[in-house]
Amino acid sequence: MGEYAAVFQKSVDNPEQFWADAAKGISWYSPWEKVLDASNPPFYRWFPGGTLNTCYNAVDRHVEGGRAEQTAIIYDSPVTSTVRRISYGELQGQVATFAGALASLGVGKGDTVVIYMPMIPEAAVAMLACARLGAVHSVVFGGFAPHELAIRIDHAQPKVLVTASGAIEGKKVLAYKPMVDTAIEQSTHRVDGVVVFQRDFVTAELQAGRDHDWQALVAKSEPVGCTPVLATDPLYILYTSGTTGMPKGVLRDNGGHAVALHWTMKNLYDINPGEVWWSASDVGWVVGHSYIVYAPLLQGSTTVLYEGKPVGTPDAGAFWRVISEHRVKALFTAPTAFRAIKKEDPNGERLADYDLSSFACLYLAGERTDPDTLHWAENKLQVPVIDHWWQTETGWAIVGNCRGIEELPVKEGSPTKPLPGWDVRVVDDGGKEVARGQEGNIVVKLPLPPGTLVTLWRNDERFVKSYMTRFPGYYETSDGGYMDADGYLYVMGRMDDVINIAGHRLSTGAMEEIIANHPDVAECAVFGADDQLKGQLPVGLFVVKAGVSRDGGEIAAELVKMVRETIGPIACFRDARQVARLPKTRSGKILRGTMRSIANSKEYRTPSTIDDPAILGEITDALLQMGYGKKES
Ligand code: COA
Ligand code: AMP
């Protein structure tokens with residue numbers, strides 16, 4: 001048995017022993033009563049009774065352990081021409097003082113704080129300060145429009161909101177504060193205070209009595225220590241797209257999260273304390289939570305926080321510059337970033353300008369790594385390129401190639417094998433395991449390992465219904481795929497209405513809810529069409545109400561604007577078209593999957609339940625005119 005197989009076997013034969021051993025990598029104030037409480041399935045709790053502080057583990061213990069001078073965060077911002085290094089000692093001071101500032105605004109253990117920040121170190125400082133106090137943060141990605149921020153404010157009910165005056169997105173200057181003000185106006189929950197980090201290229205107006213200038217507040221605040229919390233106490237809520245307009249508030253606890261993330265840094269990513277790691281994502285996504293902030297700091301390594309894009313800031317050599325300038329050992333990003341680089345610099349000529357001798361591995365996730373991108377990156381970089389599969393819900397990878405244990409051969413199209421702790425199965429719709437090579441629903445046998453979602457915030461019922469009901473005893477991933485004879489998993493895509501745009505997860509259902517609000521629209525369907533750069537893009541088809549005679553193009557433009565203003569620019573909703581009718585089953589269910597197949601030129605079978613098969617021809621024509629699908633031969 002190889003090293004990976006042995007470790008994996010140990011983790012499924014005796015998960016409690018396995019994770020108790022991993023928990024030794026974390027400093028605890030008091031030990032847990034038991035490793036796993038399985039008394040109330042499907043609500044499993046890891047390390048109940050144990051106390052710790054996540055911020056202590058990510059910051060203070062490294063200072064105490066002799067890493068005060070080591071760089072914790074390298075802030076690299078081509079959009080503001082800044083490079084700043086923050087040592088663990090400095091980070092401790094900043095986090096402790098900002099925690100004091102939050103405490104002065106009444107934030108304490110168990111309170112929630114919403115963070116709406118661009119990619120600046122203060123975003124990480126705010127997250128860690130919450131963890132220090134035992135407060136629960138909820139970071140909202142900056143590309144979401146005020147309406148989405150308002151939904152999250154109302155659901156998370158924060159005492160305080162932390163933001164910045166603005167961001168530079170590529171070449172655009174964005175003022176955040178007006179968006180925050182609109183979101184606060186739109187929400188019914190009232191925040192006690194707003195803390196604004198003023199950036200020098202855009203100044204926010206502060207509302208007296210409610211808003212506080214970050215720097216001024218910090219100047220009059222005292223540093224505070226770490227509050228011990230239970231392993232099972234919440235650390236953060238991260239909202240992610242479900243199948244409706246109401247996102248799911250994934251809840252992560254403190255103990256399991258710290259144990260699992262710390263374990264992955266060496267065992268999955270092969271990163272040791274003191275080494276430089278770069279996750280080119282955004283703190284607003286799960287990858288940013290886990291691998292820009294928590295995991296690298298829990299490991300005592302150095303994390304690069306990059307405020308820029310793979311291309312255009314200033315060019316397709318941006319990633320190579322960061323790797324060479326900061327001696328990065330490994331980079332984690334989404335395949336779409338590499339497709340963007342490949343498009344601008346197909347021969348990889350920019351690589352010649354940089355010394356990448358520090359670079360050992362590229363990790364890709366967020367969407368399937370297509371073979372073209374895989375081979376291009378392997379050829380140009382001459383290092384292993386490792387795909388790995390995970391979800392906001394899981395917090396860390398379900399399937400990957402554990403290079404810190406044993407590097408397995410890469411097979412294109414597969415993220416390799418289940419990580420230790422993950423008993424992954426492929427089942428048919430009736431829950432029966434299918435043969436190797438046959439496609440089905442990917443599920444994970446319960447209990448999930450530590451660090452995964454413990455529930456949905458204030459919605460146990462939706463947690464059970466969304467993930468634990470369809471296949472009793474298993475977590476439903478909503479991804480489909482198959483396992484080959486060697487145990488390699490192939491993830492073929494979502495089985496629900498969630499799509500992946502440039503590694504960002506969005507809900508077509510949420511887009512439909514917005515479009516349906518247009519006064520002229522009778523019904524609509526939004527589905528994902530394959531896109532060479534971004535993986536998928538949303539396409540909308542709509543039917544107008546009887547008596548509406550306006551130009552369909554005009555209505556389509558209004559729908560595009562509505563989605564952009566309501567969800568935000570990252571929805572990338574640019575393609576809508578009027579059709580006379582939509583294909584449906586006889587019971588009235590819109591056949592989105594069939595339309596998706598047509599748009600993506602995939603074989604499909606006309607469903608036997610279809611009301612009128614002739615409509616599929618009309619849809620094919622409409623999609624062809626939009627540039628999707630191919631003519632029937
Ligand atoms: N704040 C505000 N707006 C944002 C934003 C943010 N943080 N991030 C993106 N947007 C905006 C963009 O400016 C763009 O607006 P536009 O329609 O006015 O041009 C829109 O949202 C779409 O953004 P994006 O999908 O990122 O497209 P892009 O053309 O700007 O960049 C890529 C394309 C491929 C370079 C970019 O998507 C990328 O770097 N992807 C990597 C994704 C990633 O790291 N995912 C995390 C999971 S690991
Ligand atoms: P998110 O919650 O935003 O991380 O998105 C999770 C979804 O992205 C998964 O359910 C998958 O559909 C997709 N995904 C993420 N990583 C991969 C991967 N390596 N291969 C295939 N799909 C992936």
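Here, each number is a calculation from the coordinates, and none is a lab measurement. What you see is a predicted model, and the numbers here were worked out from it, not measured in a lab. Reconstructed Cβ throughout: ideal geometry from the backbone, glycine too, with neighbour counts over all protein chains shown.
Points worth noting:
- For region 86-94, 3J(HN,Hα) computed residue by residue from phi via the Karplus equation (6.51, -1.76, 1.60; θ = phi - 60°) reads 10, 7, 4, x, 5, 4, 4, x, 5 Hz, glycine and proline entered as x.
- Remark: region 598-613, residue by residue, has Karplus-estimated 3J(HN,Hα) of 4, 4, 9, 6, 9, 4, 8, 9, 5, x, 5, 8, 5, 6, 9, x Hz, where x stands for each Gly or Pro and the curve is 6.51 cos²θ - 1.76 cosθ + 1.60 at θ = phi - 60°.
- Lys pairs under 20 Å by Cα in region 275-415, provided they are eight or more residues apart or on distinct chains: 8
- For Thr112, nonlocal amide neighbours, meaning residues 5 or more places apart or on other chains whose placed amide H falls under 5 Å from its own, are Val136, Lys159.
- Annotated for region 126-273: lysine pairs at least 8 residues apart or interchain, Cα distance under 27 Å, count 5.
- Its residues counted as N, the chain yields a C-alpha radius of gyration over 2.2 N^0.38 Å of 0.95.
- Selection from Pro519, Ala576, Tyr604 lying farthest towards where the dipole of region 502-626 points positive, charges on Cβ: Tyr604
- Taking each residue as 0.36 nm, the span from Lys465 to Leu533 lengthens on full extension beyond its C-alpha to C-alpha distance by 21.1 nm.
- The Cα atoms of region 502-626 define a convex hull whose projected area, averaged across directions, is 7.7 nm².
- Built amide H within the under 5 Å cut-off of His212, gap 5+: Val194, Val195, Val196
- Dipole magnitude (debye, nearest 20) for the chain, charges at Cβ of Lys, Arg, Asp, Glu: 400 debye
- For the chain, the mean residue ellipticity at 222 nm estimated from helices alone is -8000 deg cm²/dmol, where every DSSP H run of n ≥ 4 contributes -39500 (n - 2.57) and the total is divided by all residues, rounded to the nearest 500.
- Listing Leu174, Leu91 from fewest to most neighbouring C-beta atoms within 10 Å gives Leu174, Leu91.
- Cut-off 11 Å between beta-carbons: net charge of the residues surrounding Ile398, Lys and Arg +1, Asp and Glu -1: -2
- Rounded to whole numbers, the Karplus 3J(HN,Hα) couplings from phi for region 186-195 are 6, 8, 8, 5, 9, 8, 6, x, 10, 9 Hz, using 6.51 cos²θ - 1.76 cosθ + 1.60 with θ = phi - 60°, and x at Gly and Pro.
- Percent of beta bridges antiparallel (DSSP, region 65-166, rounded to nearest 5): 45 percent
- Taking 0.36 nm per residue of sequence separation and removing the Cα-Cα distance, the Thr80/Glu565 pair yields an extension gain of 171.9 nm.
- Distance between region 84-116 and region 555-633 - C-alpha centres, whole angstrom: 47 Å
- Partners for Lys445 among lysines (Cα-Cα distance below 21 Å; same-chain residues under 8 apart left out): Lys10, Lys34, Lys417, Lys432, Lys465
- D by Stokes-Einstein for region 290-351, Kirkwood Rh over Cα pairs, 10 °C, 1.306 mPa s: 126 µm²/s.
- For the chain, share of DSSP beta bridges that run antiparallel, in % to the nearest 5: 60 percent
- Counting only DSSP beta bridges whose two residues both lie in region 502-626, roughly 75 percent are antiparallel.
- Normalised by the number of residues in region 502-626, the average gap of Cα pairs under 8 Å and 6 or more apart makes the relative contact order 22 percent.
- Which of Thr82, Thr112, Thr566, Thr585 has the fewest Cβ neighbours within 10 Å, and the rest in rising order: Thr82, Thr585, Thr566, Thr112
- Formal net charge of residues neighbouring Gly593 (Cβ-Cβ distance under 12 Å; K, R +1; D, E -1): +4
- With K and R counted +1 and D and E -1, the other residues having a Cβ less than 13 Å from that of Glu185 yield a net charge of +1.
- Exposure proxy ranking, count of Cβ atoms within 10 Å, fewest first, for Asp154, Asp253, Asp531: Asp154, Asp531, Asp253
- Pairs of Lys residues in region 502-626 that lie 8 or more places apart, or on two chains, and have C-alpha atoms under 22 angstrom apart add up to 7.
- The C-alpha radius of gyration of region 525-593, expressed as a fraction of 2.2 N^0.38 Å, stands at 1.21.
- For the pair Asp13 and Ser549 in one chain, pulling the backbone fully straight at 0.36 nm per residue adds 186.4 nm over the alpha carbon distance.
- Amide H contacts under 5 Å for Ala204, placed H, 5+ residues apart: Arg199
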